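Since the structure comes first, as structure tokens, the remarks are kept for the end.
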Amino acid sequence: MQHRRRPLLSCTDLKRNSITMSDYLRTTIHNTAQAIGEQLQFMQATISTAESCTGGMLASSLCAVAGASGWFDTGIIAYTYESKQKHLGIAPDILNQGLVTQATAEAMATNICKISETSYALSTTGVCGPSESEGYPPCHVWIAIVTPSGIQSRLIKSEDRGREENILTVTLAALELLLQHLTNPPS
């Protein structure tokens, strides 16, 4: 199923209609989540999420789509070292490398996929602000996705626009990465 994305608000819309960047991001997140839901339903696939810095926004965005109960399974917010270990079963040797690492993001996605037995999993871990953490500035985030063909991770670095917009920016980046894999899986 080739998916056509709905028209998004443009920069002209932002200026003309006094739409805030947060409104633009929320609209784009909603449209992207809806496209993901349609694709997962078509594929008869399921997804789970493991989140840290996005605080449940990935799961919330996906669950806001009508029919999510047919393809969304589990969402865990594991914000601390202890919760990542307890609820996601991440080994201390991985966590001791740091919570804001590729290894942690990949372990979060891999483990939630195994725990929930879903086709796909998506994770986020990093810094959304307002201050730095582990020496990393706000909007320094690792995203990982588990697909039937493997795992991929990506480091997202963006301009610090404040905690709320940083969370929205990271959520959109994660959802867009997932949609890209669903519609154009790597060969």
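The values are calculated or read from the model by the stated rules, or taken from the named source; none is laboratory data. Note that the structure is predicted; figures quoted are calculated from it, not measured. Cβ placement follows ideal geometry from the backbone for every residue including glycine, while neighbour counts extend to all protein chains displayed.
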Conditions (1) over 16 Å from residue 151 (Cβ atoms); (2) in contact with an Asp or Glu (Cβ under 7 Å, 6 or more places away or on another chain); (3) surrounded by 21 or more Cβ atoms within 10 Å (Cβ to Cβ); number of the one not met by residue 61: (2)
Some residue of region 49-59 being in contact with a Gly (Cβ under 8 Å, 6 or more places away or on another chain), assigned to a loop (DSSP other than H, G, I, E, B) and touching a residue at least 60 places away in the same chain (Cβ under 8 Å): yes
Candidate set: region 140-187, residues that are over 27 Å from residue 115 (Cβ atoms) and hydroxyl-bearing (Ser, Thr, Tyr); chosen: the one modelled with the highest pLDDT: 169
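A quick yes/no check of all residues on (1) of a type in the set (A, V, I, L, M); (2) surrounded by fewer than 24 Cβ atoms within 10 Å (Cβ to Cβ); (3) out of contact with any strand residue (DSSP E or B) (no Cβ under 8 Å at 6 or more places or on another chain):
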| residue | (1), (2), (3) |
| --- | --- |
| 89 | no, yes, yes |
| 103 | yes, yes, yes |
| 112 | yes, no, no |
| 125 | no, no, no |
Any pair with Cβ under 6 angstrom, 6 or more apart, that starts in region 129-154 at a residue that is in a strand (DSSP E or B) and ends at one that is surrounded by fewer than 16 Cβ atoms within 10 Å (Cβ to Cβ) and of a type outside the set (A, V, I, L, M): 140/157; 143/154
Among (1) in contact with a helix residue (DSSP H, G or I) (Cβ under 9 Å, 6 or more places away or on another chain); (2) at pLDDT below 95; (3) surrounded by 15 or more Cβ atoms within 10 Å (Cβ to Cβ), the one test that residue 27 misses: (1)
